[in-house]
Amino acid sequence: MRFDIVTLFPEMFESFTNCSILKRAINKGLIEVHFHNPREFATDKHRTVDDYPYGGGGGMLLRVEPFWRAIKSVPGNPYRILLSPQGRLFNQDVAKELVKRGHILLICGHYEGIDERITELVDEEISIGDYVLTGGELPAMVLVDAVTRLIPGALGCEDSPKRDSFYDGILDFPHYTKPREFEGLKVPEVLLSGNHEEVERWRRREALRRTFQRRPELVDKISLRKYMEKGTYVGLVHYPVYNQHREIITTTVANLDIHDISRCCRTYGVKVFYIITPIEAQRETVKRIVRHWTEGVGSKLNPDRREALERVKVSPSVEETVRRIEEREKAEPIVIATSARPSSKMISFRDLKWRILLEERPLLLLFGTGWGLTEEVKSWSDGLLEPIEWKGDYNHLSVRAAVAIILDRLFRSV
Ligand code: 9D3
């Protein structure tokens, strides 16, 4: 990996490049760092690199010519990055992208920045965060440091096991070393137990707990899938549900729901899609439709449909559905009801993620057909998910659309 750095203050990098990890990476020949000072490319007798901005407004700007020539003097074909407060925010994903480039040119500005025309030579602008620094040198060091440690061999601890991908995108768990007790502060007992499985469980829980407490916005970005040990189930309830007069009724199973929701369930990794109806004839009809697509003519005609329909099962009641999941998973599911109407006892998407991750139980999401799940089902469930709302006065999503949106909100990763 080669870094070329265009800076008016190369001496700022001295202690950085002479420091442990960077120094070692340089000595091992893993990275090369070269500096180019625009001042040496200034042609006037005073070697000026700055001037007043056109249009006034005070402050000083860096002139385009010395920077232009410094950039052009760099051999090869580096990926050119201007460190600037207007740039794309730097993060670990950007670092991973950059390490693949192999050759990077970093341009550091100062004062109010460089004449805008310099961007003609730049592939991308990068910022390291929304705070104001005095120049691009520290950001350049941040970037070099983050990228260098991604180069195989740079960290010099190859034999340390690769970190479990479980922890990608969430915060670290707490670490302890000797002594066991310091100023009355004890190391958590579980870490001294020697029970590796227990230790791992504790670390995962702590990592998740800290992420929820300190960086809830990270939780919105992660997919639940990776962190769930138990399965997710969707139940489409045809009884007991309301009709438009708020009478409790049994609705007819719609073929459209069987197809569309099973495909959603397949897409988002739901284990079983239960169609819940007490009417046996309806259950038989569902089974016949499913057989057509999983065993019959339809399965050969359309194998994708088969994969989806394979996870459709019928069940006579919500209670029976819960029993079956419990038997299958050897754990009681968290039963979450959904509703278009706000009410008390509601749980937000963020809190539901939190519960699913911490309780390590299977999840059953219940959706009502007709005019929605009855109060009884809602109060009997462990939680009522907040309604999907959009600024507006119309709130009549089809149950198929609601399933799709809710599964996406819980399981997508951004
Ligand atoms: C008054 C407008 N300022 C922009 C917010 C002007 C300005 C301030 C500071 C122009 C340049 C700088 C120097 N900063 C960088 O060159 C810089 C930077 C930063 O200040 N914060 C985060 N990332 C970066 S990358 C380069």
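Look through GLY109, GLY136, GLY113 and report the one residue that is over 31 Å from the mean Cα position of the chain (by Cα), within 21 Å of VAL33 (Cβ to Cβ), near the ligand (Cβ under 8 Å from one of its atoms) and of a type in the set (Gly, Ala, Ser). Even if it seems obvious, please write down each step before you answer.
On the way: GLY136 fails: over 31 Å from the mean Cα position of the chain (by Cα); GLY113 fails: within 21 Å of VAL33 (Cβ to Cβ).
That would be GLY109, the only listed residue that is over 31 Å from the mean Cα position of the chain (by Cα), within 21 Å of VAL33 (Cβ to Cβ), near the ligand (Cβ under 8 Å from one of its atoms) and of a type in the set (Gly, Ala, Ser).
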Query raised in the report: Hey, any hits in region 283-305 for a residue that's assigned to a loop (DSSP other than H, G, I, E, B) and under 36 Å from the mean Cα position of the chain (by Cα)?
Result: yes
Query raised in the report: So how many residues does region 360-414 have that are among the charged types (D, E, K, R) and without any contact (Cβ under 8 Å) to a residue 60 or more places away in the chain?
Result: 7
Report task. Go through region 90-106 and count every residue that is surrounded by fewer than 21 Cβ atoms within 10 Å (Cβ to Cβ), assigned to a strand (DSSP E or B) and within 15 Å of the ligand (Cβ to nearest atom). Result -> 0
Query raised in the report: How many of the residues in region 326-345 are surrounded by 15 or more Cβ atoms within 10 Å (Cβ to Cβ) and not in a loop (DSSP other than H, G, I, E, B)?
Result: 8
Query raised in the report: If you take the residues of region 160-201 that are surrounded by 12 or more Cβ atoms within 10 Å (Cβ to Cβ) and of a type in the set (Phe, Trp, Tyr), which of them is farthest from LEU218 (Cα to Cα)?
Result: TYR176
Requested in this report: From the list GLY56, GLY153, GLY129, GLY87, pick out the single residue that is within 14 Å of the ligand (Cβ to nearest atom) and in a loop (DSSP other than H, G, I, E, B).
Outcome: GLY129
Query raised in the report: For region 59-84, what are the residues that are surrounded by fewer than 17 Cβ atoms within 10 Å (Cβ to Cβ) and within 14 Å of the ligand (Cβ to nearest atom)?
Result: GLY59, MET60
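Bear in mind these aren't lab numbers, they're just calculated from the coordinates by the rules spelled out. For clarity, every value in this text was computed on a predicted model and none was experimentally measured. Don't worry about glycine lacking a Cβ; one is built from the backbone with ideal geometry, like all the others, and counts go over all protein chains shown.
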